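The values are calculated or read from the model by the stated rules, or taken from the named source; none is laboratory data. In this text the structure is predicted, and so the values were computed from the model without any measurement. For neighbour counting, all protein chains shown are included, and Cβ atoms are generated from backbone atoms with ideal geometry for every residue, glycine included.
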Amino acid sequence: VPAYTFINVASNHTIEAFFSPLSDILHLAKDADETIAGEACYFSPTGIWVAGYGYDFFVEPGGDVTLVAGESIRMLAGTKVAAGARLHAHIAVDGVEYCLPSGDAEPDDHSPAGSYILTDIGISNEDAGTKFFKVYPNPTEGSFTLELTGTEPCEIISVDIFGMTGTRVFSVDLPAQRIHMLCLDGRQPGMYFIRVMTGQKIGVERLIKR
């Protein structure tokens, strides 16, 4: 926040300030202390704040934490990493990087620590002509269409949807059809990642829910 200093002011002055909400910022240990003992990975398309405001974010010995943000990462007072632990922060400049749970791990929103891999999907650099599916409308109020492009699919289509912290919020196997209707009703507004696998093809697309 900018700071202003007035010297030798002889009359009253009015200052107007306009503030933008920080709803897109992922704030770790925002309202309570948070301790990570295993592996954890966090992603935000905009920014990540760690600790601050009297709370601690502590990575215990053996812990491994990765932070990936599209614009900025702020490690505030209370960010602590023990000897033998690792904390890696990365700004995704050339593409979109995010965290996906590996294997069958499905951490919930309150237990981010678990088995994760960091996957680079490079959406911003991908040639649109090479994509084999699209989602629309995007942004969406909840319902959206998944449409496979190119040749008619001949194998089962596996769809997983992840939130920004890597939590799997939806998973389904769909029949080999080109168009499917899906829905995020009941989910919080924000950015989601749709991973689609069919045959030897795998792709990821972003979807914004209003």
Within region 169-210, the residues that are exposed (fewer than 14 other Cβ atoms within 10 Å of the Cβ) and in contact with a Cys (Cβ under 9 Å, 6 or more places away or on another chain) are Ala176, Gly199
Report the residue count in region 23-40 for those that are of a type in the set (Gly, Ala, Ser), over 19 Å from the mean Cα position of the chain (by Cα) and farther than 18 Å from Ala82 by Cβ. 1
Anything in region 41-74 that is among the aliphatic types (A, V, I, L, M) and either surrounded by fewer than 15 Cβ atoms within 10 Å (Cβ to Cβ) or more than 13 Å from the chain's Cα centre (by Cα) (or both)? List them, or say none. Val50, Ala51, Val59, Val65, Ile73
Just one listed residue, out of Ile208, Ile202, is among the β-branched types (Val, Ile, Thr) and either under 13 Å from Glu147 (Cβ atoms) or within 13 Å of the chain's Cα centre (by Cα) (or both), and it is Ile208
I'd like the residue in region 12-40 that is modelled with pLDDT under 90, among the β-branched types (Val, Ile, Thr) and in contact with a Phe, Trp or Tyr (Cβ under 8 Å, 6 or more places away or on another chain) and, out of all such residues, is surrounded by the fewest Cβ atoms within 10 Å (Cβ to Cβ). Ile15
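Would you confirm, using the coordinates I've provided, whether Arg210 is touching a helix residue (DSSP H, G or I) at 6+ places or on another chain (Cβ under 7 Å) and touching a residue at least 40 places away in the same chain (Cβ under 8 Å)? Please lay out each step first, then the result.
Details: touching a helix residue (DSSP H, G or I) at 6+ places or on another chain (Cβ under 7 Å): no; touching a residue at least 40 places away in the same chain (Cβ under 8 Å): yes.
Against the criterion (touching a helix residue (DSSP H, G or I) at 6+ places or on another chain (Cβ under 7 Å) and touching a residue at least 40 places away in the same chain (Cβ under 8 Å)), Arg210 does not qualify.
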Which numbered condition Thr130 fails, given (1) in the same structural domain as His180 (by TED's automatic domain parsing); (2) at pLDDT 80 or above; (3) out of contact with any strand residue (DSSP E or B) (no Cβ under 7 Å at 6 or more places or on another chain): (2)
Which of the residues spanning region 144-183 are closer than 28 Å to His27 by Cα and of a type in the set (Gly, Ala, Ser)? Gly163, Gly166, Ser171
How many residues are among the hydrophobic types (A, V, I, L, M, F, W, C) and surrounded by fewer than 14 Cβ atoms within 10 Å (Cβ to Cβ) when one looks only at region 143-161? 2
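Could you list all residues from region 43-73 that are closer than 22 Å to Lys209 by Cβ and modelled with pLDDT of 85 or more?
From region 43-73, those closer than 22 Å to Lys209 by Cβ are 43-48, 68-71; that's our starting set.
Across region 43-73, the qualifying residue is only Ile48.
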Which one of Thr198, Thr165 is touching a Phe, Trp or Tyr at 6+ places or on another chain (Cβ under 9 Å) and modelled with pLDDT under 85? Thr165
State yes or no: is Gly186 closer than 26 Å to Cys41 by Cβ, more than 12 Å from the chain's Cα centre (by Cα) and either without any contact (Cβ under 8 Å) to a residue 60 or more places away in the chain or not in a strand (DSSP E or B) (or both)? yes
